[in-house]
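Some notes on the structure that comes next.
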Amino acid sequence: RLIFLFCSFCFQADENPRFVIPVKNKQRSVCFEIAASSDSVILQLISDADSGITINGELGEAGKSKFQKIGIVYKDLYEIEFNTQGLSLVSKTDHSIQTLSWSPMSIVSDSLSLSSSNGRTTEVTLGSTAIEVLLHRSRQDFLWLKIKLNDFSAVSTGLLGRFSRQLSVREKGRSGSNVLIEVDGHDVTVTRDFTIDYGTLSKDRVSCWVVPDGGRGAIEGSYSDYVVQTLFQKP
């Protein structure tokens, strides 16, 4: 198994959100944005058959890729749905459903746990993997995701699946505002910019290489390759 730095998704106020991928030993992250062409598009973010974890996210209005729902499947035993009002935890073994609002909580069930001390950030532990789902209050409330402790395998798929393998990035040259970088052996023309890290409630600013065209060259294929039909759909 390969361990990588947490992926924190980021969004710049009044602009389209940017996914931000930290790069080991670099002061800049690789960033790209998704402009979905229709409302309520669901993206498969990560799916790992080895750990039994699938994470999908449903976007809101077209062109504004703030997550309105995040769905997590764990080993075919649990389904967790987060939305801006609260969350629901479904046990597939006894068919029980727990529905909770955004408030302090603590739930432990086998190798799964949910905990929140502030009612704005919920930590989800799935075996040896830990993620946080954050609620950001704004004109249109939205959700964001942070992977705190990553034990996804090297065969993970999804929009962010390739980043379970350590990303290799180096700058090769500049031309005006454009920068040529090499990402895992592929040349990509980018620009430099700053964005806000919505993987924290403090909304830290980070420096990025911004990949245009929906992240083409940084992700495998196009974002449309990762569109799924339901919030709990697996590959």
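The values are calculated or read from the model by the stated rules, or taken from the named source; none is laboratory data. Quick caveat, the model's predicted, so the values are computed rather than measured. In this analysis, Cβ positions are derived from the backbone assuming ideal geometry, glycine residues included, and neighbour counts consider all displayed protein chains.
Of note:
Matching residues to (1) more than 25 Å from E61 (Cα to Cα); (2) of a type in the set (A, V, I, L, M):
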{"position": "R120", "(1), (2)": "no, no"}
{"position": "L134", "(1), (2)": "no, yes"}
{"position": "D141", "(1), (2)": "no, no"}
{"position": "V155", "(1), (2)": "yes, yes"}
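- Segment 87-113, subset in a loop (DSSP other than H, G, I, E, B) and within 18 Å of Y74 (Cβ to Cβ), residue nearest to the chain's Cα centre (by Cα): S111
- Residue count, segment 27-50 (criterion: in contact with a Phe, Trp or Tyr (Cβ under 6 Å, 6 or more places away or on another chain), in a loop (DSSP other than H, G, I, E, B) and more than 20 Å from S224 (Cβ to Cβ)): 1
- Selected residue (only one of S29, S38, S51 is surrounded by fewer than 16 Cβ atoms within 10 Å (Cβ to Cβ), more than 17 Å from E132 (Cα to Cα), among the hydroxyl-bearing types (S, T, Y) and at pLDDT 75 or above): S38
- Going through (1) closer than 30 Å to S222 by Cα; (2) touching a residue at least 12 places away in the same chain (Cβ under 8 Å); (3) exposed (fewer than 14 other Cβ atoms within 10 Å of the Cβ) one by one, T99 falls short only on (1).
- Selection within segment 68-110 - touching a Lys or Arg at 6+ places or on another chain (Cβ under 8 Å) and under 17 Å from L134 (Cα atoms): E81, F82, N83, W102
- The requirement of being touching a Gly at 6+ places or on another chain (Cβ under 8 Å), among the acidic types (D, E) and farther than 29 Å from D187 by Cα is fulfilled somewhere in segment 54-73, by at least one residue.
- Checklist (1) modelled with pLDDT under 90; (2) buried (at least 21 other Cβ atoms within 10 Å of the Cβ) applied to L126, failing item: (1)
- Applying the condition of being among the hydroxyl-bearing types (S, T, Y) and farther than 15 Å from V23 by Cα to segment 181-223 and asking which residue is surrounded by the fewest Cβ atoms within 10 Å (Cβ to Cβ) yields S202.
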